[in-house]
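**Student:** Pasting in a structure now, in structure tokens, and then I'll have a few things to ask.
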Amino acid sequence: MCTSFEESSTSYLVARGISWQAMPADFPDWAPVYAFFRRWREHGLIAEFHDRLRGKAREREGREAEPTAGIIEARSVRVAAMVLAVSRGYYGGKKVPGRKRHIMADTLDLLLTVAVTAANIGYRDAAAGLLTRLRRLHHDITLVWADGGYTGSLVDWCRNKLALTLEIAKRTGRHSALGHRSPVEFERQAITSSSLNLAP
């Protein structure tokens with residue numbers, strides 16, 4: 001059962017779109033909350049908090065705090081008309097006008113890094129920058145799983161430039177294994193179907 005705080009927080013995020021002046025009644029006044037947030041952001045503490053929490057969550061699942069493998073995927077999403085046209089695009093494959101979220105997660109589906117582009121930016125074009133950032137932030141990662149949208153020269157580029165193995169998932173039916181299974185299920189399938197031996 002959700003607490004009043006959790007319920008109001010959910011309503012706040014979904015209905016209000018994170019408007020500082022519309023903080024829920026059981027939060028402190030918005031001005032000091034925003035002041036704390038701004039100071040944390042300026043000093044890089046929000047990312048640090050996130051990374052520490054991710055490490056704790058991984059340890060609770062019996063893993064090392066730092067992952068050794070990740071999963072990359074992209075999702076196109078529609079955006080409101082008020083979003084500037086220069087940051088929007090049209091993705092013909094899914095017929096989606098808007099933006100594309102390029103996401104790197106570990107095999108527990110915990111966020112590692114993300115990039116947001118116009119929807120017409122290709123998977124491989126955005127992946128190069130995202131994977132470079134991943135390698136800089138998470139030195140222990142040597143293996144990344146991806147779906148068929150990331151095939152081609154990107155595989156060799158990852159190996160030669162980043163010392164990173166980009167493993168392409170097999171497609172099952174009309175859908176990729178990556179896009180329609182949980183990362184943990186995908187990890188199990190990949191380890192079973194290949195000779196990989198990923199330490200927890």
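**Student:** Within the stretch 12-33, identify whether any single residue is open to solvent by 60 Å² or more (accessible area, probe 1.4 Å), farther than 30 Å from Ile141 by Cα, modelled with pLDDT of 85 or more and in contact with a Phe, Trp or Tyr (Cβ under 6 Å, 6 or more places away or on another chain), and answer yes or no.
**Tutor:** Yes, the conditions are met somewhere in the stretch 12-33.
**Student:** For the list (1) modelled with pLDDT of 85 or more; (2) not in a helix (DSSP H, G or I), I need the number of the one condition that Asp125 fails.
**Tutor:** So the condition that Asp125 fails would be (2).
**Student:** Considering Leu196, Leu84, Leu178, which residue is modelled with pLDDT under 90, of a type in the set (A, V, I, L, M, F, W, C), open to solvent by 50 Å² or more (accessible area, probe 1.4 Å) and within 23 Å of Arg54 (Cβ to Cβ)? Let's see the steps before the verdict.
**Tutor:** Details: Leu84 fails: within 23 Å of Arg54 (Cβ to Cβ); Leu178 fails: open to solvent by 50 Å² or more (accessible area, probe 1.4 Å).
After applying the criteria, what remains is Leu196.
**Student:** Continuing with this model, one more query. Going through Leu166, Leu154 one at a time, which residue ends up being surrounded by 15 or more Cβ atoms within 10 Å (Cβ to Cβ), modelled with pLDDT of 85 or more and in a helix (DSSP H, G or I)? Walk me through how you get there before you give the answer.
**Tutor:** Values: Leu166 fails: in a helix (DSSP H, G or I).
None of the other options fit; the residue is Leu154.
**Student:** Is one or more of the residues making up the stretch 60-74 open to solvent by less than 50 Å² (accessible area, probe 1.4 Å), modelled with pLDDT under 90, among the hydrophobic types (A, V, I, L, M, F, W, C) and touching a strand residue (DSSP E or B) at 6+ places or on another chain (Cβ under 6 Å)?
**Tutor:** So far as the stretch 60-74 goes, yes, one or more of its residues are open to solvent by less than 50 Å² (accessible area, probe 1.4 Å), modelled with pLDDT under 90, among the hydrophobic types (A, V, I, L, M, F, W, C) and touching a strand residue (DSSP E or B) at 6+ places or on another chain (Cβ under 6 Å).
The values are calculated or read from the model by the stated rules, or taken from the named source; none is laboratory data. Note that the structure is a prediction, hence the values are computed from the model and not measured. Every residue, glycine as well, gets a Cβ built from its backbone with ideal geometry; the counts of neighbours run over all protein chains shown. All accessible areas refer to the heavy atoms of the entire protein, side chains included, with ligands and DNA or RNA removed. Shrake-Rupley method; radii C 1.70, N 1.55, O 1.52, S 1.80 Å.
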